[in-house]
Every structure is written in C-alpha cells, then in structure tokens.
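These notes are about the structure you will find just below.
The values are calculated or read from the model by the stated rules, or taken from the named source; none is laboratory data. The model shown is predicted, which means the values in this text are computed figures rather than measured ones. With ideal geometry, Cβ positions are generated from the backbone for all residues, glycine too; neighbour counts draw on all protein chains shown.
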Amino acid sequence: MSSRRAFLKSGAIAAFGISFGGVLGFVARAAQQFQATQLFKKNKILICIFQRGAMDGLMAVTPFNDPYLKEARPGLFMSAAKSEKVSLIDLDGNFGLHPSMASFEPLFKLNQLAIVHGIGSPNNSRSHFDAQDYMESGTPFKKSTDSGWLNRAAGLLAIHESPFHAVSLTSSLPRSLYGNFPSIAINNLADFKISSKQAQVNLNATAKSFEDLYDETTNQLIKNTGKETFEAVELLSKINLKKYQPKSGVIYPNSNLGNALKQIAQLIKSEVGLEIGFAESSGWDTHFNQGTFNGTFARNVGDLSNSITAFWNDLGDDLKENVVVMTMTEFGRTVKQNGTNGTDHGRASCNFILGTNLHGGKVYGDIKPLSIENLEDGRDLPVTTDFRSVFNEVAQKHLNIKNTNQLFPDWNGRNLDLF
C-alpha cells in the first residue's frame, strides 16, 4: 500500500480514463493473472485509425491518367509527370500517392502496404454522424445496434484477461468499442481520469492517494466497481511512461495521432496484453481551400503517413509480424471541386492496411473512368468495395476470428484476398 501511495503522490499519474462496461471483477482477475506477462508476447494485434471528417481518397491516391478527374478538378488535380517540380508518387502507372505521403512509398515497395480504393458503406448517407456510426457499429442499415464491431471482436478474442486488451487512445470511448466487453479509453497514459457514460470523477492524485479519493466519491457507479478496479493503475505503473525512447532513428510527429501511436507502441512493447488499439485523426472535412501539394490536406496526409510509419518502424521486425494497422474514414469527397477550391461530401474513399503478411504493393478496387455516367448520383466515386469485406478479412486472417457473422450480421459478401 505504501509503495502505491508513494507512486501516486509522485505526480507521475494525474488522471485515469476507463470506460466501465462489465468491469466488475474483470480487472481484479486480470491483475491476479498479470504476473504471467509471457502469455501476451505473441498476441495478434490490430490497430485501427479513424480519419474523422471524410478523407478525399481521390487526392490521397489519385488515378492520374483519368482525363475526367483532371477536368473536374482544375485547381486540385496533381500530376505524376517527372517534369513537374512536385509530383505524385507513381505507384503502378495508374495511381499516384500524394507527395506528402512519401514515407509510405518504401512500405508499398516492400509489399507491406496495401491500398483499397473505392471503399465505403453501402448506406449512401452523407451525414458524418450517421456514416461514422454505421461504419463503427459494422451494421450500415441498423441504427439500433448498441455495440461496435471492435468491441465484439475483442469479446471473441478474449483468451487472456487483461484490462488493456482493448484500448482507445482518445478522450472518450469511440463508437467502435461500445459494448459488453470491457474497453478502456485513455487520452494520455501519463494522465488518468476515471469516467463513464453516467458520471465522471476527476481525481487529483498529486494531492491525495487514489484510495482516499476513491473513498470520498459519492458516485455509486464508481463505488460498485470495487477498489480492485484501481489495480489497472498498478499495471501501468510498471511502465516508465515519461522516459520512453522510441527505436533509434524513429521520430513521431508532435500531433494527436503521432502521440497516440507512440503510446500504443509503448503498450505493445510493455506486453500488457493489448490486442485491439484505436486512435483518431481529424480535420478531413475539406470543404474549402483544400490545397494540393501544400495546405490543409497535405498537412493531414503527411501527419497520417508519418505517424503510422514512425509507429511501424518503432515496433521492430519481431513485433511487426503480429501487428496490422488499418485506417478507415466514413466516406469520400465529390469528384468535382466546389467553388471554394474544396470538395464536398461524397461516397467512396480509400484506406490503407499495413502488415507483413499482406499481398501488399498493390492498389485494390474497381475504379472506372470518372465520366459522369460512371459516377454515383452523377457526382461521386461509387462504392465498389463494401468496408465490411476489408474489416471482415482483417478479423479472419489476422485476428483468427472464425465466427465473423457476429461481427457483421446480415452481411455475406466476399473478402478481397489481401492476406
């Protein structure tokens, strides 16, 4: 007890973020079993990154030979011609990667990066809230689904009970991790805050011990979880949070995404039983002044690719074998630019999957010429790959979940053979 009090009073931990859902007794059992950290060394781990706001897939990965796209975007189109001062990165003679994503090029050439174009939801909603909700629940035509597909996956994976089995490095629990299986939302590993949907208790650990503050709380939900819940804090206390040094030569962007992925790498290396990690990237709603080689979009894709690449390189070869990174975004942007040099809400976009067991080095998907007769509603890149065909394959082939009909009920489509 005295060592725990000394640790908490040291100021190293200020707030703890944990979303309670079936937590009673779970963390206590996990804490007792946690001595055998060797159990967690060979976990298969999935890291999902949600790009909130709807990424313009046609600018991230451009079909640069398409004359219709060039005509539709006189102020936004970028060329892959070598004669240009700055050009797209030619991936395969047809698709070009945005130059700010140059850190992805070596991974693509190593066949560790796959790109799926024309991906999206079969539900044609162009509402950010609805589209994100459908994608995170995994049920694009059911509003009533009360769990997220990643939470359901976590429940099916739960071989080893660890309080850090499913962790989101965000300020609140994402829709993807809603559900019966206990999942944790931690904004910053060095800061702790106890919270739930019903109530929130801020604890100043530098003033008093966790136990004292816990005794003083009047919130019955927190009391009912039992003091053993705070054993999760002891697990993190074993990690030297503030002095973490990434692998030599690895520099993470100083951004929300970069910091989140750095902490996820820390959890993986610390062998705390992580199997599902979640992070977010925002700012993709580019209605105006989208930019081309510079500007808002260029900064966003630069941060995305540099953060993911830093994370990947930080893991080292041994850990990479057990990790897959997958991005997602609720929908894409219009083919035609608008009057303010931006793009509006569209349909299909693209996503990125990173792993050592992929058939990488390829742009998957069926992208027809972007003439008006081939566009959805005469304006959008049509969805030719249901997002569930990618999510389902990742769950089956990487996480080894066999019963994926629990993840995506009412779907009987086919995988893309990415692995």
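Just to be sure before I move on: is ASP303 free of Cβ contacts under 8 Å to residues at least 24 places away in the same chain and not in a loop (DSSP other than H, G, I, E, B) in the structure I sent?
On the way: free of Cβ contacts under 8 Å to residues at least 24 places away in the same chain: no; not in a loop (DSSP other than H, G, I, E, B): yes.
Judged against the criteria, ASP303 is not a match.
Could you give every pair whose Cβ atoms fall below 7 Å, whose first residue belongs to the stretch 322-346 and is under 15 Å from LEU370 (Cα atoms), and whose second residue is in a strand (DSSP E or B) and charged (D, E, K, R), counting only separations of at least 6 or pairs across chains?
Short answer, once both residue conditions are applied: THR334/ASP380; VAL335/ASP380; GLY346/ARG333; GLY346/ASP380.
Would you confirm whether any residue within the stretch 64-77 is surrounded by fewer than 14 Cβ atoms within 10 Å (Cβ to Cβ), of a type in the set (A, V, I, L, M), modelled with pLDDT of 85 or more and in contact with a Phe, Trp or Tyr (Cβ under 9 Å, 6 or more places away or on another chain)?
No; the residues of the stretch 64-77 include none that is surrounded by fewer than 14 Cβ atoms within 10 Å (Cβ to Cβ), of a type in the set (A, V, I, L, M), modelled with pLDDT of 85 or more and in contact with a Phe, Trp or Tyr (Cβ under 9 Å, 6 or more places away or on another chain).
Which residues, taken from the stretch 155-195, are touching a Leu at 6+ places or on another chain (Cβ under 6 Å), at pLDDT below 85 and among the hydroxyl-bearing types (Ser, Thr, Tyr)?
none
Scan the stretch 404-417 and tell me whether some residue there is part of a loop (DSSP other than H, G, I, E, B), in contact (Cβ under 8 Å) with a residue 60 or more places away in the chain, in the same structural domain as VAL301 (by TED's automatic domain parsing) and within 19 Å of GLN132 (Cβ to Cβ).
No, the stretch 404-417 contains no residue that is part of a loop (DSSP other than H, G, I, E, B), in contact (Cβ under 8 Å) with a residue 60 or more places away in the chain, in the same structural domain as VAL301 (by TED's automatic domain parsing) and within 19 Å of GLN132 (Cβ to Cβ).
Note down all Cβ pairs under 6 Å where the first residue falls in the stretch 253-265 and is surrounded by fewer than 24 Cβ atoms within 10 Å (Cβ to Cβ), the second is of a type in the set (Phe, Trp, Tyr) and at pLDDT 95 or above, and they're at least six residues apart or on different chains.
GLY258/TYR252; LYS262/TYR252
Within the stretch 99-129, which residues are of a type in the set (A, V, I, L, M), in contact with a strand residue (DSSP E or B) (Cβ under 6 Å, 6 or more places away or on another chain) and part of a helix (DSSP H, G or I)?
First, pick out the residues of the stretch 99-129 that are of a type in the set (A, V, I, L, M): 101-102, 107, 110, 113-116, 119.
Next, from what is left, pick out any that are in contact with a strand residue (DSSP E or B) (Cβ under 6 Å, 6 or more places away or on another chain): 107, 113-116, 119.
Within the stretch 99-129, just LEU107 meets the criteria.
Give me the residue from the stretch 80-106 that is polar (S, T, N, Q) and within 30 Å of ILE251 (Cβ to Cβ) and, out of that set, surrounded by the most Cβ atoms within 10 Å (Cβ to Cβ). So that I can check it myself, show each step before the final result.
Pass one, the stretch 80-106, residues polar (S, T, N, Q): 83, 87, 94, 100, 103.
If we keep only those that are within 30 Å of ILE251 (Cβ to Cβ) as well, we get 87, 100, 103.
Details: SER87: 16, SER100: 24, SER103: 17.
So, considering only residues that are polar (S, T, N, Q) and within 30 Å of ILE251 (Cβ to Cβ), the one surrounded by the most Cβ atoms within 10 Å (Cβ to Cβ) is SER100.
Kindly indicate which of PHE288, PHE352 is assigned by TED's automatic domain parsing to the domain that holds SER125 and buried (at least 19 other Cβ atoms within 10 Å of the Cβ).
Being assigned by TED's automatic domain parsing to the domain that holds SER125 and buried (at least 19 other Cβ atoms within 10 Å of the Cβ) holds for just one of PHE288, PHE352, which is PHE352.
How many residues does the stretch 131-144 hold that are farther than 15 Å from ALA348 by Cα and either crowded, with 17+ Cβ neighbours inside 10 Å or of a type outside the set (Lys, Arg) (or both)?
Total meeting the criteria: 7.
For LEU370, which of the numbered conditions (1) of a type in the set (A, V, I, L, M, F, W, C); (2) out of contact with any His (no Cβ under 9 Å at 6 or more places or on another chain); (3) part of a loop (DSSP other than H, G, I, E, B); (4) within 18 Å of PHE50 (Cβ to Cβ) fails to hold?
Of everything listed in (1) of a type in the set (A, V, I, L, M, F, W, C); (2) out of contact with any His (no Cβ under 9 Å at 6 or more places or on another chain); (3) part of a loop (DSSP other than H, G, I, E, B); (4) within 18 Å of PHE50 (Cβ to Cβ), LEU370 misses just condition (4).
Please verify whether VAL324 is buried (at least 17 other Cβ atoms within 10 Å of the Cβ) and under 17 Å from the mean Cα position of the chain (by Cα), treating the condition exactly as stated.
yes
Taking the stretch 340-359 as the search range and keeping residues that are out of contact with any Asp or Glu (no Cβ under 8 Å at 6 or more places or on another chain) and assigned to a loop (DSSP other than H, G, I, E, B), which one is nearest to ASN124 (Cα to Cα)?
Ranking the candidates gives ASP344 first.
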